[in-house]
Structure formats: C-alpha cells, structure tokens
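In what follows, a structure is listed as structure tokens, so that the remarks can point back to it.
Taken together, the values in this text are just the output of simple stated rules run on the coordinates, not laboratory data. Computed from a predicted structure; not experimentally measured. Here the Cβ positions follow ideal geometry from the backbone for every residue, glycine too, while neighbour counts run over all protein chains shown.
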Amino acid sequence: MLALKPAMEEEGCKVADVKAGSIGCKRARGGDELTGYGGEAVTASLEAKGEQTRVRISTGKGFVGRGCKKNWSTAIYQEMMRNLQKPTQDEKTS
C-alpha cells in the first residue's frame, strides 16, 4: 500500500479512497495527448497470499470520452514496482 499510493499520484491520479485492502483514485479531465483525456477511475485491491501480496489494478473508463481514455493499470503497476525497488530511508542510513 505504501508503494501504491505514490505510484498512483506519479501517474496523475488523485487518491481519494483508501480502505483496508483497497485504494482508489481518479485522474483529472482535460489531459493532453501524452496523458490521455482524463477522468479515469483506478482501483487497486490488495490481498494477502501467504508471505506475498496479490495486487489487482483496474481502470474504469466511464462513458464520456471512452474512446480517448487510457488504461492506467499497467503504468501504475510498473511505477509501484519501481517504488518497491527503491531503498527505504532506514536502508540509506545503515
């Protein structure tokens, strides 16, 4: 969860809903060619699987401008994985 929230924010998705086991965000409308149309809602659920965590990320595109909207699930997942690879503050000082 600690790596997922900054990953969402890095992709321009404002986190609005944080619950135990899930986090949701929404992208602002009026994007550009690079970032897409905007307005997508992204939801991630986390589920413990033994010592691992299963993460499911889905992008809801809604109705308005659906053809111009982008799937952000993979981009957020990749950013989350980069965040997990970064050393923590404790590791940097050791």
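Cross-link list 61/86; 14/49; 5/61: which exceed 26 angstrom alpha carbon to alpha carbon? If you can, show how the numbers build up before the last one.
Working: 61/86 31 Å; 14/49 28 Å; 5/61 20 Å.
Violating the 26 Å Cα-Cα cut-off are 61/86; 14/49.
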Margin query: If packing is taken as the average number of other Cβ atoms within 10 Å across a peptide's residues, how do 17-25, 46-54 rank, most packed first?
Written below: 17-25, 46-54
Notebook entry, point to check: Under a 5 Å amide H to amide H cut-off, with H placed in plane at 1.01 Å, what residues pair with residue 22 once short-range neighbours are removed?
Noted result: 46
